[in-house]
1. Kindly sort Cys207, Cys42 by accessible area of their heavy atoms, largest first, with the probe set to 1.4 Å.
2. Kirkwood-based Rg over Rh for the stretch 103-171 (C-alpha set), two decimals?
3. Where in the stretch 64-147 are there chymotrypsin sites (Phe, Trp or Tyr not before Pro) that are in a DSSP coil and have at most 11 other Cβ atoms within 10 angstrom of their Cβ?
4. Could you report the accessible area of Thr212 in Å², rounded to 10, computed with a 1.4 Å probe on the protein chains as they sit in the structure?
5. For the Cα atoms of the chain, what angle does the longest principal axis make with the long axis of helix 100-113, in degrees from 0 to 90, nearest 10?
6. To the nearest 10 degrees, how steeply does helix 141-153 sit against the main Cα axis of the chain, on a 0 to 90 scale?
7. Please report the accessible area of Ser59 (heavy atoms, 1.4 Å probe, ligands and nucleic acids excluded) in Å², nearest 10.
8. Within 10 Å, at most 13 other Cβ atoms, and a DSSP state outside H, G, I, E, B define an exposed site. Report the longest part of the chain free of exposed trypsin sites (Lys or Arg not before Pro).
Amino acid sequence: MKIDFSSSSRSTRGPVLLILRWIKTLYDLIAYVLCPPLCYSCRGHCPFRVILCQQCEESLELIVPKMFQLNNSYILTVYAVSRYTEPLRPMLFAKYRSDPAVIEKLAELIWKKSVVSLVHVDCFIPIPLHWTRQVKRGFNQSQLIAQSLSNYSKIPVVDALQRVKKTEYQVKVEQVDRRCNVKGAFELAQFDFDIAGKHIMLVDDSCTTGSTAIEAAKVFIKLKPASINMVVACRAL
Ligand SMILES: [Zn+2]
């Protein structure tokens, strides 16, 4: 004998779905009251949970790339979205609060607003943190940005650098001492990627004086890449 359960399950499914929908609505309402969706920059109310409100995103003042001479053969071009100002500036502090969602948004802006998507890139190389700082923070913002850029572009991330010297934050160091602060900070790591003849793109969240960018870029000169460039969200200079 065959028993048909389908009609009874159909009759109970309706009320169960209705209750679940009420619970979801109640949860959203409580979340909205306790933790309203605010723009990360202007702190204005947003209709949805977004990092930047539409006004702030539209207020971004895009900038052209800046170049630094590394030696007679190499020029480092630093691509950025905007200067170290609103609305991106507060988002850079998210790394100190271990807020990877904001870092992901920075990566999205880098990909969509800077010209890096138009540049020939063979691999993204994140600027590493000293291991003590990475343990404390729980993640490396440059690594997250590089991984997001890789997801957009399908270009690989190569962890080719290691930070062998614990440096002071560049923003806390006097302008004249910043070169000394990062001198000898980076070395090549163990990695499985042939850099020779490739277009490599270093990745960081910001570039203040360019000292970190130059110091990291110089490590790769001996491997004879086709070009050494860098992409960041904000550039101070
Ligand atoms: Zn805003």
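The values are calculated or read from the model by the stated rules, or taken from the named source; none is laboratory data. Values in this document were obtained by computation on a predicted structure and should not be read as measured data. Quick reminder, even Gly has a Cβ in these numbers, built from the backbone with ideal geometry, and neighbours come from all protein chains shown. Note: accessible area is taken over every heavy atom of the protein model, side chains too, but ligands, DNA and RNA are not part of it. Shrake-Rupley method; radii C 1.70, N 1.55, O 1.52, S 1.80 Å.
1. Details: Cys207 5, Cys42 75 Å².
Highest to lowest solvent-accessible surface, that is Cys42, Cys207.
2. 1.00
3. Numbers: sites: Phe68, Tyr74, Tyr79, Tyr84, Phe93, Tyr96, Trp111, Phe124, Trp131, Phe139; in loops: Tyr74, Tyr84, Phe139.
Taking the stretch 64-147 and a limit of 11 other Cβ atoms within 10 Å, no loop chymotrypsin sites (Phe, Trp or Tyr not before Pro) are found.
4. Roughly 20 Å² of Thr212 is accessible to a 1.4 Å probe.
5. 70
6. The helix 141-153 is inclined about 70 degrees to the chain.
7. Spelled out: Ser59, probe radius 1.4 Å, area about 60 Å².
8. Working: sites that count: Lys2, Arg43, Arg49, Lys154, Lys165, Lys166, Lys183.
Within the chain, the longest run free of exposed trypsin sites (Lys or Arg not before Pro) spans 50-153.
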